[in-house]
Structure formats: C-alpha cells, structure tokens
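The values are calculated or read from the model by the stated rules, or taken from the named source; none is laboratory data. Here the structure is a predicted model, which is why all the values come from computation and not from measurement. Glycine also receives a Cβ, built like all others from the backbone with ideal geometry; neighbour counts cover every protein chain displayed. All accessible areas refer to the heavy atoms of the entire protein, side chains included, with ligands and DNA or RNA removed. Shrake-Rupley method; radii C 1.70, N 1.55, O 1.52, S 1.80 Å.
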Amino acid sequence: MIEMRVAGIALDAVTKSPIVLLKDASDRRALPIYIGQDQAKAIISALEKQTPPRPLTHDLFVNLLQGWNMSLEKIIIHALQDNTFYAILCVRQGEAKKEIDARPSDAIAIALRTDSPIWVMEEVIADASIPVDRDADEEERRAFREFVSNIRPEDFSQRKGFKTGGEA
C-alpha cells in the first residue's frame with residue numbers, strides 16, 4: 001500500500017465532472033477519482049477547514065465516531081472494478097477493529113475531517129494513476145539504462161568477500 005494525500009479537486013475539461021486528485025509523497029504519481037458534486041463540496045470544505053452551522057453528513061459521521069469513542073485509523077482504497085473505486089474505513093473502538101465499506105469520496109471526506117491517513121493498494125495505483133513528473137521519470141529511466149549498459153559479467157562473479165567456483 002502507498003500512502004497518499006489529497007492534492008485538490010479538479011474539473012474534467014470535457015464532462016465538467018469533479019475529480020479528487022490524490023498524490024503520493026514524492027509527487028511522482030497522481031490518482032484521479034471521479035466524484036459527485038456533493039462529495040466535491042464536502043472534500044473542499046474539509047480541505048479549507050470550514051465548519052458548517054449544523055453538521056452535514058460527513059460531520060455527523062465523525063460526531064458518531066467521537067460519541068461512541070471510536071477512531072478512524074485509516075482509509076484504504078483497495079480495488080478498481082469496471083471503472084469504480086472501492087474503499088474501506090478502518091475503525092477502532094478500544095481493542096475492536098472493523099472495516100466498513102465506503103465510497104472513496106465519502107471515505108476521503110471523513111479522513112480529512114479526522115486527520116486520518118489515506119492508503120491506496122499498489123495494484124490500484126498501477127491500474128489508474130497518472131505520471132506527474134515526466135522529466136523525473138525519464139531521468140530515472142535514462143540512469144537505469146546507463147547502469148544496465150555498463151554492467152559486466154565479472155560484476156556478478158567477483159564480489160569482495162565472496163569466493164567463486166573451486167576456491168576453498
């Protein structure tokens with residue numbers, strides 16, 4: 001799993017649908033997730049630390065967690081099937097732990113309100129992420145190609161402190 005953070009909300013240029021954009025710690029990969037207008041508003045209000053005069057749905061959920069002495073340990077975006085992301089809330093009450101199925105947008109809105117980490121399974125990132133820093137990716141590929149092109153067979157057989165073949 002890779003920990004990610006909310007980089008912000010964007011709009012799809014064609015459909016005008018909101019997208020929550022998650023980024024990894026190195027800012028090398030971004031995971032765009034299409035969400036609804038209401039979830040976008042909920043995420044934006046959490047990012048901006050806005051407090052509504054009365055609790056909205058995600059605030060109510062957080063109030064329930066606190067009222068029952070429960071904590072959100074983390075959320076995990078664990079699957080992508082037929083262009084739909086799946087997430088779970090990892091909740092703890094004392095020693096008891098539960099995983100609760102959730103839409104990623106709701107899970108993210110709640111995680112932001114509780115300062116809980118957002119984790120994404122590596123296979124989801126592999127399937128749906130987009131590169132952010134193409135220059136750094138190309139530099140990494142170039143350095144690897146240069147490293148591989150300079151490898152010699154003796155680099156593998158004559159290691160310091162290791163004996164080869166029939167040496168005793």
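Applying a threshold of 9 Å to beta carbon distances and a minimum spacing of six or more residues, or different chains, the list of pairs starting in the stretch 92-109 at a residue that is more than 19 Å from LEU60 (Cα to Cα) and ending at one that is polar (S, T, N, Q) reads GLY94/ASN69. Evaluation of ALA96 against the conditions (1) open to solvent by 30 Å² or more (accessible area, probe 1.4 Å); (2) in contact with a helix residue (DSSP H, G or I) (Cβ under 8 Å, 6 or more places away or on another chain) shows that the sole unmet condition is (2). Residue pairs whose Cβ atoms lie under 9 Å apart, separated by 6 or more positions or on different chains, with the first residue in the stretch 51-73 and in contact (Cβ under 8 Å) with a residue 40 or more places away in the chain and polar (S, T, N, Q) and the second part of a helix (DSSP H, G or I) and loosely packed, with under 12 Cβ neighbours inside 10 Å, do not occur.
Here are some residues: ARG152, ARG142. Which one is in a helix (DSSP H, G or I) and at pLDDT below 75? Break it down stepwise before answering.
On the way: ARG152 fails: in a helix (DSSP H, G or I).
Only one candidate qualifies: ARG142.
Within the group ILE75, ILE125, ILE100, which residue is assigned to a strand (DSSP E or B) and closer than 16 Å to ILE2 by Cβ? Walk me through how you get there before you give the answer.
On the way: ILE125 fails: assigned to a strand (DSSP E or B); ILE100 fails: closer than 16 Å to ILE2 by Cβ.
From the options ILE75, ILE125, ILE100, the qualifying one is ILE75.
For the residues ILE88, ILE43, the requirement of being under 17 Å from the mean Cα position of the chain (by Cα), surrounded by 18 or more Cβ atoms within 10 Å (Cβ to Cβ) and touching a residue at least 60 places away in the same chain (Cβ under 8 Å) singles out ILE43.
Looking at THR51, THR15, which is the one that is within 30 Å of GLU123 (Cα to Cα), assigned to a loop (DSSP other than H, G, I, E, B) and at pLDDT below 95?
On the way: THR51 fails: within 30 Å of GLU123 (Cα to Cα).
Selected residue: THR15, the only one of THR51, THR15 that is within 30 Å of GLU123 (Cα to Cα), assigned to a loop (DSSP other than H, G, I, E, B) and at pLDDT below 95.
Among the residues of the stretch 1-12, just one is assigned to a loop (DSSP other than H, G, I, E, B) and either touching a Gly at 6+ places or on another chain (Cβ under 8 Å) or open to solvent by 80 Å² or more (accessible area, probe 1.4 Å) (or both), namely MET1.
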